[in-house]
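A.B. asks: Before I ask anything, let me first share the structure, which is written out below as structure tokens.
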Amino acid sequence: MKHKKVDILGTPVSSLTMDELFSDWELVIQQGLKAQVCITPVNSILAARATARVQTIYKNADYVLCDGVPVKWASEFLGTPIKERITGLDVLPRIFPFAAERNFSIFLLGASPGVAETLKQVMEAKHPGVQIVGTFVPPFRAVFSQEENEQMIQAVNAVRPDILLVSLTAPKQDIWIADNLASLETRLAIGIGGAFEVASGMINRAPVWMQKAGLEWFYRFLQEPKRMFKRYFVEAPVFIPLVIQQKLSTRFGRL
């Protein structure tokens, strides 16, 4: 479905409210369409800026959501404010009741062993009638072999879910979906990031006051310092100067 997108360092980020997003998704599924959803934090936008392939994927994706306060801030600073910050942690808890109420089926692909099954059990208990028709945990690799990739596709296509949730970290999950969407028998393929662990209760989310204050990143860093250090202390500081450069370039017509 068509909607406004805002250019952040060359990545077109969707400007939608959560309600508008889910209304769109309902139509995508009901009309038998096919859509890719990318949830893009700062590190994904920087990866796109550095890698033409990733940039192309985000430009062609149907939805590229604003995951993170810095991305929302950047849109406002550039004079083209995005309507709403929409993170994977916000989308995931809402998608299960959304699917249950409309009789849409869901498949969980990715995360660490046991996580998707735990999430399935938690959501089936919380939302009676929700159809989580399968889970699959691929091996932890930077690139899957052809055989491994075929196993993933076959697992999904065996049950033909309306919604495919892919937890392989960004932008790896976005690349995988883009490469395989044509072969996948699903309507809505969403790269959901690390939200499986949080929604299943295996990892706690930051308190609401920290989310509103833009400190959710710090809470995540305290929980997983080794994994999050590069994202928050190496990649993120590069983002602000680049956004300022984009602002100056737009205003004065030069880099």
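The values are calculated or read from the model by the stated rules, or taken from the named source; none is laboratory data. Note that the structure is a prediction, hence the values are computed from the model and not measured. All Cβ positions, even for glycine, are placed from backbone atoms using ideal geometry, and neighbour counts span all protein chains on display. Accessible surface areas use protein heavy atoms only, side chains included; no ligands, DNA or RNA. Shrake-Rupley method; radii C 1.70, N 1.55, O 1.52, S 1.80 Å.
A.B. asks: What whole-number volume per residue, in cubic angstrom, does the convex hull of the C-alpha atoms of region 72-217 give?
C.D. replies: Convex hull volume per residue, Cα atoms: 135 Å³.
A.B. asks: In region 95-176, what percent of the accessible surface is made up of carbon and sulfur (1.4 Å probe, ligands and nucleic acids excluded)?
C.D. replies: About 51 percent, which is the carbon plus sulfur part of the accessible surface.
A.B. asks: Something else about it: Label point 7 Å out from Ser183 along Cα-to-Cβ: which residues of region 146-160 have amide N under 12 Å?
C.D. replies: 146-157
A.B. asks: I would also like to ask the following. Using +1 at the C-beta of Lys and Arg and -1 at the C-beta of Asp and Glu, which of Val28, Gly191, Pro128 has the Cα lying farthest in the positive direction of the dipole of the chain?
C.D. replies: Gly191
A.B. asks: Which one of Ile106, Leu89, Cys66 has its Cα pushed farthest toward the positive end of the charge dipole of region 20-125, where Lys and Arg give +1 and Asp and Glu give -1 at the Cβ?
C.D. replies: Going by the Cα projections, it comes out as Cys66.
A.B. asks: Let me ask you something else. What percent do you get for the relative contact order of region 1-138 when only Cα pairs under 8 Å and 6+ apart count?
C.D. replies: RCO, region 1-138: 21 percent.
A.B. asks: With every protein chain left in place and a probe of 1.4 Å, what is the accessible surface of Ile82, to the nearest 10 Å²?
C.D. replies: Surface accessible to solvent at Ile82 totals approximately 0 Å².
A.B. asks: Helix-only mean residue ellipticity at 222 nm, the chain, DSSP H runs n ≥ 4 weighted -39,500 (n - 2.57), per residue, nearest 500. What is it?
C.D. replies: Using -39500 (n - 2.57) per qualifying helix, the result is -14500 deg cm²/dmol.
A.B. asks: Which of Lys4/Lys34; Lys83/Lys172; Lys59/Lys230; Lys5/Lys226; Lys4/Lys247 have a Cα-Cα distance over 31 Å?
C.D. replies: Beyond 31 Å: Lys5/Lys226.
A.B. asks: Still on this model: What percent antiparallel are the DSSP beta bridges of the chain, to the nearest 5?
C.D. replies: So the antiparallel bridges in the chain amount to around 15 percent.
A.B. asks: Once you keep just the Cα pairs under 8 angstrom separated by 6 or more residues, what percentage relative contact order results for the chain?
C.D. replies: Result for the chain is 21 percent.
A.B. asks: Still on this structure, please answer the following. Keeping all protein chains in the complex and leaving out DNA, RNA and ligands, what accessible area do you get for Met18 with a 1.4 Å probe, in Å² to the nearest 10?
C.D. replies: 20 Å²
A.B. asks: Further question on the same structure: Rank Phe218, Phe136, Phe107 by accessible area, highest first, at a 1.4 Å probe radius?
C.D. replies: These residues rank, largest area first, as Phe218, Phe136, Phe107.
A.B. asks: In the Gaussian network model of the chain, springs joining C-alpha atoms below 10 Å, which of Trp209, Trp176, Trp25 carries the largest mean-square fluctuation?
C.D. replies: Ranking Trp209, Trp176, Trp25 by mean-square fluctuation puts Trp209 first.
A.B. asks: Separate question: How far, in degrees from 0 to 90, does helix 88-102 lean away from the longest principal axis of the Cα atoms of the chain, to the nearest 10?
C.D. replies: That helix lies at roughly 40 degrees to the long axis.
A.B. asks: Additional query: Going by a ≥ b ≥ c, the root eigenvalues of the Cα gyration tensor, does region 1-104 fall in the rounded group (a/c under 1.5), the prolate group (a/b larger than b/c) or the oblate group?
C.D. replies: Cα axes put region 1-104 in the prolate bin.
A.B. asks: Decide, for region 33-79, between rounded, prolate and oblate: order the square roots of the alpha carbon gyration tensor eigenvalues as a ≥ b ≥ c, take rounded if a/c falls under 1.5, and otherwise choose prolate if a/b is larger than b/c, else oblate.
C.D. replies: oblate
A.B. asks: Still on this model: Would you rank Ser112, Ser200 by solvent-accessible area, highest first, keeping every protein chain in place and using a 1.4 Å probe?
C.D. replies: Ser112, Ser200
A.B. asks: For the chain, place one equal point scatterer on every Cα, skip the solvent, and apply the Debye formula. What is log10 of I(q)/I(0) at q = 0.14, 0.15 Å⁻¹?
C.D. replies: Debye output, listed in q order: -0.96, -1.11.
A.B. asks: May I ask for the net charge around Leu181, where only other residues with Cβ less than 11 Å from the Cβ of Leu181 are counted and Lys, Arg are +1 while Asp, Glu are -1?
C.D. replies: -2
A.B. asks: Considering only protein heavy atoms, what is the solvent-accessible area of Phe22 at a probe of 1.4 Å, reported in Å² to the nearest 10?
C.D. replies: Approximately 10 Å² for this residue.
A.B. asks: To the nearest 20 debye, what is the magnitude of the charge dipole of the chain about its Cα centre, counting +1 on the Cβ of each Lys and Arg and -1 on the Cβ of each Asp and Glu?
C.D. replies: Here the size comes out at about 900 debye.
A.B. asks: Based on the alpha-carbon set only, what is the convex hull volume of region 57-101 divided per residue, in Å³?
C.D. replies: 96 Å³
A.B. asks: With every protein chain present, what is the per residue accessible area of the chain (1.4 Å probe, Å²)?
C.D. replies: Spelled out: the 1.4 Å probe surface of the chain, per residue, equals 48 Å².
A.B. asks: Can you tell me how much longer the chain between Gln154 and Asp7 gets when fully stretched, taken as 0.36 nm per residue apart minus their C-alpha distance, in nm with one decimal?
C.D. replies: Full extension from Gln154 to Asp7 adds 49.3 nm.
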